[in-house]
Amino acid sequence: MRQRTIAEKISCTGIGLHSGAPVQLTLHPARLDTGIVFVRSDAGRGAEIPARIDRVGSTQLATTLGHNGSGVGTVEHLLAALYGLGIDNVRIELDGPEVPVMDGSAAPFVFLIRAAGIFEQRGARRVLRVRRPVEVRDGERMARIDPCRGFRISYHIDFRHPAIGRQDLPDFELSEGSFERELSRARTFGFLHEVEALWRAGLGRGGSLDNTIVLDERQVLNPEGLRMADEFVRHKALDLLGDLALLGLPLEGRVRVVRGGHALHQRLMRALLDTPGATEIVTSGRGTPHPEGSLAEARASL
Ligand code: ZN
């Protein structure tokens, strides 16, 4: 497998979930080994933020990279689309502090990337291979990662809510087209009392039924209903993919999450990187470790 970028630059405009303000997003092709880098065009030169776990500022409500003022918020659905389509290198230019929320799913970003085209570069892709199981727990919440060929996830949620309940995504395997088909269209969701509290706090001003599934105590309030019966757990898996993109390299392993969220995903990723011998960097498609691929390098570069 070779590294991939997009074939040409492409833009879209939307609104920020929290600011409610319009923001323009432009994806630019990027050279080999650039990774995924955000650029705030409104914040002067040098305002570049790599999409990496060591740059995560907050995981409340959404994943934010960097710090207030020059940071970038609500990155996870765009990162999920890039991960799901196997894009290694891209520069993401924004003229505001948030990635536009679009319809609350990753589908508009998939559309954008497909419209630009995907370009295979002259360099082998490196992957982060899991060698030993790592697990984190928090009460009834659990996240675990095991060695596995390829990349698979399973996700389980259990909400005491009549419209959600228990939902299981037993075994999603990332392959060409599988993200688009199975996860990309699942929208973010929130409860009416939470949404109202956000509005009172001056947040979530861009949130509406156009970009969020909103539930009251009994039911979904969006007039069009759900896109699929298990849209909630599929969105959780989409969020997980967006968080895993912050490892900086595609993962080779199997991830299992029960009742997770951004904070638990981050804890799992940190535990993975902090456990000696849990990972190695290998060139994709080969069994041998990358010449530069040592744990020390992985931890230093991630
Ligand atoms: Zn989400």
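The values are calculated or read from the model by the stated rules, or taken from the named source; none is laboratory data. Because the structure is predicted, anything quoted here is derived from the model rather than measured. Methodologically, a virtual Cβ is constructed for each residue, glycine included, from the backbone with ideal geometry; neighbour enumeration extends over all protein chains shown. Ligands, DNA and RNA are excluded from the accessible area calculation, which covers all protein heavy atoms including side chains. Shrake-Rupley method; radii C 1.70, N 1.55, O 1.52, S 1.80 Å.
Local charge for ALA80 was computed over the other residues whose Cβ lies under 9 Å away, with Lys and Arg +1 and Asp and Glu -1, and equals -3. Using the rule -39500 (n - 2.57) for each DSSP H run of four or more residues, divided by the residues of the chain, the 222 nm mean residue ellipticity is -6500 deg cm²/dmol. Length gained on full extension, ALA7 to GLU224, computed as 0.36 nm times the residue gap minus the Cα-Cα distance: 74.6 nm. Computed over protein heavy atoms with a 1.4 angstrom probe, the accessible surface ordering of THR74, THR64, largest first, is THR64, THR74.
Comparing ALA43, GLY84, ALA106 along the charge dipole axis of the chain, the residue lying farthest to the positive side is GLY84, per the Cβ-charge model. What do you get for GluC sites (Glu not before Pro) in segment 125-202 restricted to DSSP loop and a cutoff of at most 15 other Cβ within 10 Å of the site's Cβ? Qualifying residues, ordered by number: GLU140, GLU176. For LEU174, the solvent-accessible surface with a 1.4 Å probe is about 40 Å², rounded to the nearest 10.
Mind running the shape call on the chain? Use the C-alpha gyration tensor, a ≥ b ≥ c as the square roots of the eigenvalues: rounded below 1.5 for a/c, prolate if a/b tops b/c, oblate otherwise. It is oblate, given that a/c is not under 1.5 and a/b is not larger than b/c. Who wins for biggest fluctuation among LEU247, LEU215, LEU78 in a Gaussian network model of the chain, springs between alpha carbons below 10 Å? Sorting by GNM fluctuation, first place goes to LEU215. For segment 2-124, the antiparallel share of DSSP beta bridges with both residues in that region comes to about 80%.
Shape of segment 1-111 from its Cα gyration tensor (a ≥ b ≥ c, root eigenvalues): rounded if a/c is under 1.5, otherwise prolate when a/b > b/c, or oblate? Rounded is the answer for segment 1-111, as its axis ratio a/c remains below 1.5. Of the accessible area of the chain, computed with a 1.4 Å probe over protein heavy atoms only, carbon and sulfur atoms account for 48 percent. Counting only Cβ charges, +1 for Lys and Arg and -1 for Asp and Glu, the dipole size of the chain around its Cα centre is about 740 debye.
Looking at the chain, the DSSP beta bridges with both ends there are about 75 percent antiparallel.
The trypsin sites (Lys or Arg not before Pro) of segment 97-206 that DSSP puts in a loop, and whose beta carbon has at most 10 other beta carbons within 10 Å, are ARG149, ARG160. Using the Cα gyration tensor of segment 68-222, with a ≥ b ≥ c the square roots of its eigenvalues, what is the shape: rounded (a/c below 1.5), prolate (a/b larger than b/c) or oblate (neither)? It comes out oblate by the Cα gyration axes.
Entry comment: accessible area of the chain is 45 Å² per residue, from protein heavy atoms only and a probe of 1.4 Å. Of the GluC sites (Glu not before Pro) found in segment 200-253, those in coil by DSSP whose Cβ has at most 13 other Cβ atoms within 10 Å are GLU217, GLU224. Relative to the current alpha-carbon distance between ASP54 and LEU32, full extension at 0.36 nm per residue lengthens the span by 5.8 nm. Could you work out which residue, out of PRO223, PRO133, PRO276, moves most in a Gaussian network model of the chain, that is, has the largest mean-square fluctuation with Cα springs under 10 Å? Among PRO223, PRO133, PRO276, the largest mean-square fluctuation in the Gaussian network model of the chain belongs to PRO223. Projected onto the charge dipole of segment 127-301 (+1 at Lys/Arg Cβ, -1 at Asp/Glu Cβ, origin at the Cα centre), which of TYR155, PHE232, GLN219 gives the Cα projection farthest towards the positive end? After comparing all options, I get TYR155. For segment 74-89, backbone phi angles converted through the Karplus equation (6.51, -1.76, 1.60; θ = phi - 60°) give residue-by-residue couplings of 6, 8, 6, 6, 5, 4, 4, 4, 5, 5, x, 9, x, 8, 8, 10 Hz, Gly and Pro being listed as x. If the segment from ARG205 to GLU176 were pulled out straight at 0.36 nm per residue, it would be longer than the present Cα-Cα gap by 6.9 nm. Of GLU8, GLU93, GLU120, the order by accessible heavy-atom surface (1.4 Å probe, DNA, RNA and ligands excluded), from most exposed downward, is GLU8, GLU120, GLU93.
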